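Report on the structure given below.
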């Protein structure tokens, strides 16, 4: 906790001094790093981001086609975790929980090669430990306006009337209502005049296997005076990201820790850039981690009372992809 407070304080200091920096926080808030932008490369941290980009000095480009084989946990193993979550929902302890799993992946690409060739709004290569390709912004701050963009709901674009089906799906609609209310309440801690700007818009995601459609919403407000130039305090109040834990947050986090069979680590944490004026951050999803002699991809989805185990299992596997066309 002391380290967490000191790093959030460092973010405040750099923000007040208008010094650009990179920051990253793991899912539980136990690990936080804050690094001035000009020190990122020497720390072996590389990113492609709307506000800043850097790449490894050694240019890497692989002409080979991507080989990608995944070994997800069995349906039976997933169903056991799913039923635990549904039981907690029936007891009233949670009404939305983001259940995630770890999938072993075999690929002919290195993390650096995937970083160079992958396409995403936000991508990060962290110390040759993991790479991720996030389509989901977390929080943006510009001219004292703070915005958040929770993503909930994914479908294969090739399904007939895919956009219509995902927007009319009752489970996905209920999940988006829940997460929008959660984020609206979260933003109200640090902002005033919080409003829903856009409810359930669709974005297309290109992967190595297929095209996906994902559904997001936008919520915004004006930072309260006490949070102006205090980015660290803003993120301290808003983490962990609501879209990757659930509601109510405290009890749902307890259930996640008791139910999931892997440690999330950096996965579903948050990283971002302050460029001296604006702040832009993302949720660490679409995440591939190096473990000894193999790779682990972590993925999942939101579980509600309306969730069906086979659909959720399929969505978890569909999200195990590399955004390489």
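Within region 1-51, the set of residues being farther than 15 Å from residue 232 by Cα, in contact with a strand residue (DSSP E or B) (Cβ under 7 Å, 6 or more places away or on another chain) and not in a helix (DSSP H, G or I) comprises 40, 45, 46, 47, 48, 49, 50, 51. Screening region 103-119 for residues that are in contact with a strand residue (DSSP E or B) (Cβ under 8 Å, 6 or more places away or on another chain) and surrounded by fewer than 22 Cβ atoms within 10 Å (Cβ to Cβ) and picking the one that is farthest from residue 306 (Cα to Cα) gives 112.
Where strands (runs of 3 or more DSSP E) sit wholly within region 71-169, those with at least 1 residues that are in contact (Cβ under 8 Å) with a residue 40 or more places away in the chain, farther than 30 Å from residue 188 by Cα and in contact with a helix residue (DSSP H, G or I) (Cβ under 8 Å, 6 or more places away or on another chain) occupy 96-107, 122-126, 130-134, 151-156.
May I ask you to list the residues in region 316-325 that are buried (at least 19 other Cβ atoms within 10 Å of the Cβ) and assigned to a helix (DSSP H, G or I)?
Hit for region 316-325 is 316, nothing else.
The residue that is farthest from the chain's Cα centre (by Cα), counting only those in region 270-284 that are crowded, with 24+ Cβ neighbours inside 10 Å and farther than 15 Å from residue 45 by Cα, is 274.
The combined condition, being at negative phi and touching a helix residue (DSSP H, G or I) at 6+ places or on another chain (Cβ under 7 Å), is not fulfilled by residue 282.
In region 102-113, the condition of being under 23 Å from the mean Cα position of the chain (by Cα) and over 18 Å from residue 293 (Cα atoms) is met by no residue. Taken over region 137-158, the criterion of being at negative phi and at pLDDT 85 or above is satisfied by 137, 138, 139, 140, 141, 142, 145, 146, 147, 148, 149, 150. Only residues that are closer than 12 Å to residue 247 by Cβ and buried (at least 17 other Cβ atoms within 10 Å of the Cβ) were counted across region 177-199, and they come to 7. Does residue 248 satisfy the condition of being under 27 Å from residue 204 (Cα atoms) and either crowded, with 23+ Cβ neighbours inside 10 Å or touching a residue at least 40 places away in the same chain (Cβ under 8 Å) (or both)? No; evaluated as a whole, the condition is false for this residue.
The set of residues from region 234-273 being in contact with a helix residue (DSSP H, G or I) (Cβ under 6 Å, 6 or more places away or on another chain) and assigned to a helix (DSSP H, G or I) comprises 234, 236, 237, 238, 242, 243, 255, 259.
Can you tell me how many residues within region 274-289 are in a strand (DSSP E or B) and within 25 Å of residue 145 (Cα to Cα)? Working first, answer last.
At the first step, the residues of region 274-289 found to be in a strand (DSSP E or B) are 274, 279-283, 287-289.
Next, from what is left, pick out any that are within 25 Å of residue 145 (Cα to Cα): 274, 279-283.
Total satisfying the criteria: 6.
For region 216-233, taking the residues that are assigned to a strand (DSSP E or B), at pLDDT 95 or above and in contact with a helix residue (DSSP H, G or I) (Cβ under 8 Å, 6 or more places away or on another chain), the one that is nearest to residue 179 (Cα to Cα) is identified as 219.
The values are calculated or read from the model by the stated rules, or taken from the named source; none is laboratory data. If you're wondering where the values come from, they're calculated on a predicted model, not measured in any experiment. FYI the Cβ positions are ideal-geometry reconstructions off the backbone, even for glycines, and counts take in every protein chain you see.
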